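The structure under discussion appears below in the form of structure tokens.
The values are calculated or read from the model by the stated rules, or taken from the named source; none is laboratory data. Small disclaimer: the values here were computed from a predicted structure and weren't measured. When we count neighbours, we look across all protein chains shown, and the Cβ atoms used for this are built from the backbone with ideal geometry, even at glycine. Heavy atoms of the whole protein, side chains included, go into the accessibility calculation; ligands, DNA and RNA do not. Shrake-Rupley method; radii C 1.70, N 1.55, O 1.52, S 1.80 Å.
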Amino acid sequence: MARIAGVNIPTNKRVTISLRYIFGIGPAKAQEICTKLGIPDEKRVNQLSDEEVLRIREMVDRDYRVEGDLRREVAMNIKRLMDLGCYRGLRHRRGLPVRGQRTHTNARTRKGKAVAIAGKKKVTK
């Protein structure tokens with residue numbers, strides 16, 4: 001099993017797909033890495049030589065901000081917004097949608113499970 005940037009990537013998948021398991025590497029960056037290193041698209045991780053895995057590992061560490069560093073940077077950006085007290089920071093602090101989505105309905109992912117209000121009865125017409 002190949003270990004790149006502290007992540008065990010799956011061995012039986014193609015290299016471009018396996019690299020996406022690393023936080024901060026998506027389809028475009030995975031393809032870019034394979035192109036720069038001359039790794040064919042159809043090659044699988046278990047077919048890579050130790051030297052190729054080492055080249056991938058070195059390139060990811062050198063050229064890309066991934067995993068812990070990227071997570072830390074994102075967390076610091078959110079913390080900065082919260083400390084500033086700007087609108088986006090307040091939305092993060094309250095656990096509400098940040099990018100202008102409606103909250104009257106359909107904000108369950110951010111707000112959590114709906115909580116019933118005691119004493120409120122349904123009105124029948």
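General observations
- Residue that is nearest to ARG44 (Cα to Cα) [pool: residues in the range 9-31 that are of a type in the set (S, T, N, Q) and open to solvent by 50 Å² or more (accessible area, probe 1.4 Å)]: ASN12
- Top-ranked residue of the range 90-125 - restricted to ones that are β-branched (Val, Ile, Thr) and open to solvent by 100 Å² or more (accessible area, probe 1.4 Å), ranked as nearest to GLY24 (Cα to Cα): THR109
- Filtered residue count, the range 50-63, keeping only those that are closer than 13 Å to LEU37 by Cβ and touching a residue at least 24 places away in the same chain (Cβ under 8 Å): 5
- Taken over the range 46-89, the criterion of being touching a Leu at 6+ places or on another chain (Cβ under 9 Å), part of a helix (DSSP H, G or I), open to solvent by less than 50 Å² (accessible area, probe 1.4 Å) and under 22 Å from GLY6 (Cα atoms) is satisfied by GLU52, ILE56, MET59, VAL60.
- Figure legend. Inter-residue proximity from the range 81-97: first residues over 17 Å from GLY112 (Cα atoms), second residues assigned to a helix (DSSP H, G or I) and of a type in the set (S, T, N, Q), beta-carbon distance below 7 Å, spacing 6+ or different chains. No pairs are indicated.
- Residue identified as within 30 Å of LYS111 (Cα to Cα) and either touching a His at 6+ places or on another chain (Cβ under 8 Å) or not polar (S, T, N, Q) (or both) among GLU52, GLU67: GLU67
- Qualifying residue in the range 66-87 (condition: over 19 Å from the mean Cα position of the chain (by Cα) and of a type in the set (S, T, N, Q)): no
- Checking each residue in the range 1-36 for being assigned to a loop (DSSP other than H, G, I, E, B), within 12 Å of VAL60 (Cα to Cα) and over 13 Å from the mean Cα position of the chain (by Cα) picks out ALA5, GLY6.
- Qualifying residue in the range 96-105 (condition: over 30 Å from GLY6 (Cα atoms), of a type in the set (Lys, Arg), in contact with a helix residue (DSSP H, G or I) (Cβ under 6 Å, 6 or more places away or on another chain) and at pLDDT 90 or above): no
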